[in-house]
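The values are calculated or read from the model by the stated rules, or taken from the named source; none is laboratory data. Predicted model, so just to flag it, every value in this text is computed and none were measured. Cβ: placed from backbone, ideal geometry, glycine included. Neighbour counts: every protein chain shown. These accessible areas exclude ligands, DNA and RNA; they are computed on the full protein's heavy atoms, side chains included. Shrake-Rupley method; radii C 1.70, N 1.55, O 1.52, S 1.80 Å.
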Amino acid sequence: MRIATTIFLTDETISPVRLARELEQRGFDGLYLPEHTHIPISRETPSPAGDPLPREYGRALDPVVALSQAAAVTERITLGTGVALVAEHDPIALAKQVATLDFLSGGRFTLGIGYGWNVEEAADHGVEWSTRRELVRDRLALMRALWTEEPTAYDGRFGSVRASWAHPKPLRAPRTREGAEPLVGPRVLIGGGAGPKLFAHIAEYADGWLPIGGGGLTEALPALHRAWADAGRHGEPEVVPYAVRPSAGKLAHYAELGLKEVVVGLPSADEAEVLRALDAHADFL
């Protein structure tokens, strides 16, 4: 099983360069970074992490910029977002950023995406909360039009783009789908809680699922596999438990379920504390 890591990198923590080098030298598989553009102090939305909201949420580094630094000083580790808040981005600009990072890293990038939880943050980006799931779906489709090898137009509910020259292209080969256009671009994993709506979206336009915390998979996986098969998808969805507190028993359980990758959490802390956590997690490599 491949073991990657996730951390809230901030202006107060270990740097992306130092962490990426340590991960590669120690044999970890990758680095995923979360995203929050800002946290309004008038926040009324309850945090899924519990209140008070941890300090690092309002100090997070931009994941694409930080991962670009990590890519520049490594050769092997995978790089990903966990998760990118696609609804809060101009999709044309985000498509360029993702394609550039994937190209410069040699195809090592995974686009983990999510629908968000902070209503006030999304509102500042002009997002109507009730439409955010369809907005993300629409924006990803627009981005894939730009990632397609031949100039391809897209006209959706929330945005459009003319057929355009848009290079570089992400390096991963297109994934075929029965009765539908192939999926182009980097690996896309959707984060969120188990449920019919999420699983339908994963089966429709993603490569797999980022189950936050990694709990309840024995019950959830059969439903995901049914949605995948009903959508005419071949093979199986990739399932990557995310922000996990690892133990030998937990990792063995994931292996028994046939999972091949897990993302373990690191403290949002200074260099010394993060390196101690890596030493502890290294026992599972």
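Points worth noting:
- Each 5 Å bin from 0 upward holds the following percent of the Cα-Cα pairs of the chain: 1, 5, 12, 16, 19, 18, 15, 9, 3, 1, 0.
- Alpha-carbon radius of gyration plus Dmax, which is the widest Cα pair, for the stretch 105-213 in Å: 14.5, 40
- Cα-centred dipole magnitude for the chain, charges only on beta-carbon of K, R (+1) and D, E (-1), debye, nearest 20: 560 debye
- Computed over the stretch 143-201, the ratio Rg/Rh where both radii use C-alpha atoms and Rh is Kirkwood: 1.01
- The equivalent ellipsoid of the stretch 41-123 has semi-axes of 27, 15, 10 Å, largest first, where each one is the square root of 5 times an eigenvalue of the Cα gyration tensor.
- Ranking Pro34, Gly179, Thr13 by Cα position along the charge dipole of the chain, where only Lys, Arg, Asp and Glu carry charges on their C-beta atoms, puts Gly179 farthest toward the positive end.
- When the Cα positions of Gly50, Leu275, Trp147 are compared along the charge dipole of the chain, Trp147 comes out farthest toward the positive end, with charges on each C-beta of Lys, Arg, Asp and Glu.
- Remark: the stretch 243-248, residue by residue, has Karplus-estimated 3J(HN,Hα) of 6, 8, 8, x, 8, 4 Hz, where x stands for each Gly or Pro and the curve is 6.51 cos²θ - 1.76 cosθ + 1.60 at θ = phi - 60°.
- The chain, relative contact order [Cα under 8 Å, separation at least 6], %: 20 percent
- Estimated 222 nm signal from helices in the chain, with DSSP H stretches of n ≥ 4 weighted -39500 (n - 2.57), rounded to 500: -11000 deg cm²/dmol
- The stretch 87-151: radius of gyration and largest Cα-Cα distance (Dmax), Å: 13.0, 38
- Within a Gaussian network of the chain (alpha carbon springs, distance under 10 Å), most fluctuating of Val83, Val274, Val263: Val274
- Charge dipole (Cα centre; +1 on Lys/Arg Cβ, -1 on Asp/Glu Cβ; no other charges) of the stretch 55-198 amounts to roughly 400 debye.
- Qualifying lysines (Cα of each under 22 Å from Cα of Lys169; at least 8 residues distant if same chain): Lys96
- Solvent-accessible ranking of Ile7, Ile41, largest area first, probe 1.4 Å: Ile41, Ile7
- Share of pairwise Cα separations in the stretch 221-282, more than 16 Å, in percent: 57 percent
- Accessible surface of the stretch 124-244, 1.4 Å probe, proportion on carbon and sulfur as whole %: 51 percent
- Taking all protein chains together and rolling a 1.4 Å probe, Phe28 ends up with roughly 0 Å² accessible.
- Solvent-accessible surface of the chain, averaged per residue with a 1.4 angstrom probe and all protein chains in place: 46 square angstrom.
- Per-residue ³J(HN,Hα) for the stretch 61-76, Karplus 6.51 cos²θ - 1.76 cosθ + 1.60, θ = phi - 60°, Hz, x for Gly and Pro: 5, 5, x, 5, 5, 5, 5, 5, 4, 4, 5, 5, 10, 9, 10, 10
- The convex hull around the C-alpha trace of the stretch 193-240, projected and averaged over every direction, spans 2.9 square nanometres.
- Unit charges at the beta carbon, dipole of the chain: most positive-side option, Gln69, His201, Gly214: His201
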